[in-house]
Amino acid sequence: MSESGSAVGAGGQPARVILSGSLREAVNAPPTVYRAVGGQEFFDVLVDRFYDAVERDPLLRPMYPRDLRQSRERLAGFLAQYWGGPPRYSEKRGHPRLRMRHMHFAIGPAERDAWMAHMTASLDAATLADGTGRPLPAEIRSAMFDHFDNAATHLINQPGATPGQDC
């Protein structure tokens, strides 16, 4: 290092930075969904809208703590990380282990469907967090819907009909 703090290579010349491998790929990678939707603010608003509906849901509300602030923070953090944001969720809570963390709740098809109805409504109302009010791009909305649908179905732990099947 020189006195100015710059890296110095052989012969006192400034060191060259050569981007290759994963660093080059990271610099040239397309934006993540996290960046495309406007960052953490998007996920905070999505999750707030979702939990506002859960607060009024007689089936789901009993499954949550009285104060939903921590639930809101955790879900928003998890989703932000999952969609390419900073790993704050894992830094605080470790691996998500969704099934393990939800195992003590009785989740059947009715609970799954209620959860999906609220999350779908939240997605439908979502706009980019860039101040323009533009709706969520269809391909991002579709990918998020598919993720939520798969995760919600995966968390079913009570016997009963699989959503979408006749009994």
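Values in this text are rule-based calculations from the coordinates and carry no lab data. Not measured: the values here are computed from a predicted model. With ideal geometry, Cβ positions are generated from the backbone for all residues, glycine too; neighbour counts draw on all protein chains shown.
General remarks:
- Taking the number of Cβ atoms within 10 Å of each Cβ as an exposure proxy, the fewest-first ranking of HIS118, HIS154, HIS102, HIS95 is HIS95, HIS154, HIS102, HIS118.
- Relative contact order (percent, whole number), the range 14-154, Cα cutoff 8 Å, 6+ residue spacing: 30
- Burial ordering of ARG69, ARG112, fewest other beta-carbon atoms within 10 Å first: ARG69, ARG112
- Neighbours of HIS118 by Cβ distance under 15 Å: Lys/Arg scored +1, Asp/Glu scored -1, total -3.
- Ranked TRP83, TRP115, criterion: other C-beta atoms within 10 Å, fewest first: TRP83, TRP115
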